[in-house]
Amino acid sequence: MITLRAYIKITLSIFTTLSLFIFLIFASLISFLHSNFSVKLRNKFIRIWAVLMAKIIGMKVIVEGSVPKPPFFLVSNHLGYVDIILFFTKIDVVFVAKQEISSWPLMGKLTKIANTLYIDRTNKRDIPRVNKEIAENINENHGIIFFPEGKSTKGAEVLKFNPSLLQLPANEGIPVTHASIQYKTKPNETPAYLSVCWWQEDSPFTKHFFELCKLSKFEAKIVFGNEKVQNSDRKVLAQKLWEGVNENFTATVSND
């Protein structure tokens, strides 16, 4: 029964994602006629996709704090690819993601057409290019979100923030919003740090997603910080944002 549930969810997920892919192509095709309308249409399609995906995989979204409205610059702790679905259900946003995601089956194509900004984390010389793209993409239609921990974790703690991509808000005096996320499964099902968080490098995406789809349901909680953070020094800004995220952080798993 559990395995059947997973196959049904995977089938529905593929169908929903392929449908979004087609709609996003349509939105891209009309961009030469009215670029602003095209962006709004793309945001709407992505929001519908995320809400449907949340229902399919059994994710119950809980939000605390004020949801930011574009334009905004947002940072959060990072627990895996499910974070993307979670945030898309609530905000219009462009993600800054690691370069490797662009090569994922289906999801890679989807993130490209959804206007994701990619960064090569192994190459420090790529940072100025990404900061330039961030400046070009933060506007009244959507905000920017990135995960300054640099990698996903099992949710035991918030890792030290990398300040590299905070250069723009530091230079321009842009206030930065922060959020803390956590996942929780039912007591009789696989713990969230194993079934929802994707942090083990030896666990392929397809295998992990199959295990995720075995769950009957799970909770996904976002806590948006009430106070925005501003500082002209990106390192100080990173530290203050880490403190803000950590203040609202609830562990997905104990570090013991």
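The values are calculated or read from the model by the stated rules, or taken from the named source; none is laboratory data. Just so you know, these numbers come straight off a predicted model, no measurement behind them. Glycine gets a Cβ as well: all are built from the backbone with ideal geometry, and neighbour counts include every protein chain shown.
Remarks
- Which listed residue is crowded, with 16+ Cβ neighbours inside 10 Å and over 19 Å from Ala179 (Cβ atoms), from Thr111, Thr116, Thr89, Thr122: Thr111
- Subset of the range 1-25 that is closer than 25 Å to Asn137 by Cβ and surrounded by fewer than 13 Cβ atoms within 10 Å (Cβ to Cβ) - its residue that is modelled with the lowest pLDDT: Ile25
- Count of residues meeting criterion [assigned to a loop (DSSP other than H, G, I, E, B), over 18 Å from the mean Cα position of the chain (by Cα) and either under 18 Å from Ser66 (Cα atoms) or of a type in the set (Asp, Glu) (or both)] in the range 222-256: 6
- Which numbered condition Gly225 fails, given (1) buried (at least 16 other Cβ atoms within 10 Å of the Cβ); (2) out of contact with any helix residue (DSSP H, G or I) (no Cβ under 9 Å at 6 or more places or on another chain): (2)
- Restricting the range 207-256 to residues that are touching a strand residue (DSSP E or B) at 6+ places or on another chain (Cβ under 7 Å) and hydroxyl-bearing (Ser, Thr, Tyr), the residue that is farthest from Ser180 (Cα to Cα): Thr252
- Evaluation of Ala97 against (1) surrounded by fewer than 18 Cβ atoms within 10 Å (Cβ to Cβ); (2) under 27 Å from Leu165 (Cα atoms) (one fails), failing number: (1)
- Residue check for Glu189: assigned to a loop (DSSP other than H, G, I, E, B), closer than 20 Å to Ile138 by Cα and of a type outside the set (A, V, I, L, M, F, W, C): no
- Screening the candidates Val196, Val176, Val223, Val229 for the property of being among the hydrophobic types (A, V, I, L, M, F, W, C) and within 11 Å of Asn77 (Cβ to Cβ) yields one hit, Val223.
- Yes/no for Lys154 being without any contact (Cβ under 8 Å) to a residue 12 or more places away in the chain, surrounded by 15 or more Cβ atoms within 10 Å (Cβ to Cβ) and over 23 Å from Lys9 (Cα atoms): no
- Of all the listed residues (Lys40, Lys69), the sole one being outside any helix (DSSP H, G or I) and among the charged types (D, E, K, R) is Lys69.
- Qualifying residue in the range 48-56 (condition: among the basic types (Lys, Arg) and over 14 Å from the mean Cα position of the chain (by Cα)): yes
- Segments classed as helices (runs of 4 or more DSSP H), wholly inside the range 77-137, with at least 2 members that are under 18 Å from Arg47 (Cβ atoms) and without any contact (Cβ under 8 Å) to a residue 60 or more places away in the chain: 82-88
- Restricting the range 195-207 to residues that are assigned to a helix (DSSP H, G or I) and free of Cβ contacts under 8 Å to residues at least 40 places away in the same chain, the residue that is surrounded by the most Cβ atoms within 10 Å (Cβ to Cβ): Ser195
- Meets criteria (among the aliphatic types (A, V, I, L, M) and farther than 21 Å from Thr206 by Cα) for Ile14: no
- Residue within the range 175-184 that is more than 28 Å from Asp126 (Cβ to Cβ) and in contact with a helix residue (DSSP H, G or I) (Cβ under 6 Å, 6 or more places away or on another chain) present: yes
- The single condition among (1) touching a helix residue (DSSP H, G or I) at 6+ places or on another chain (Cβ under 7 Å); (2) β-branched (Val, Ile, Thr); (3) not in a helix (DSSP H, G or I) that Ile46 does not meet is (3).
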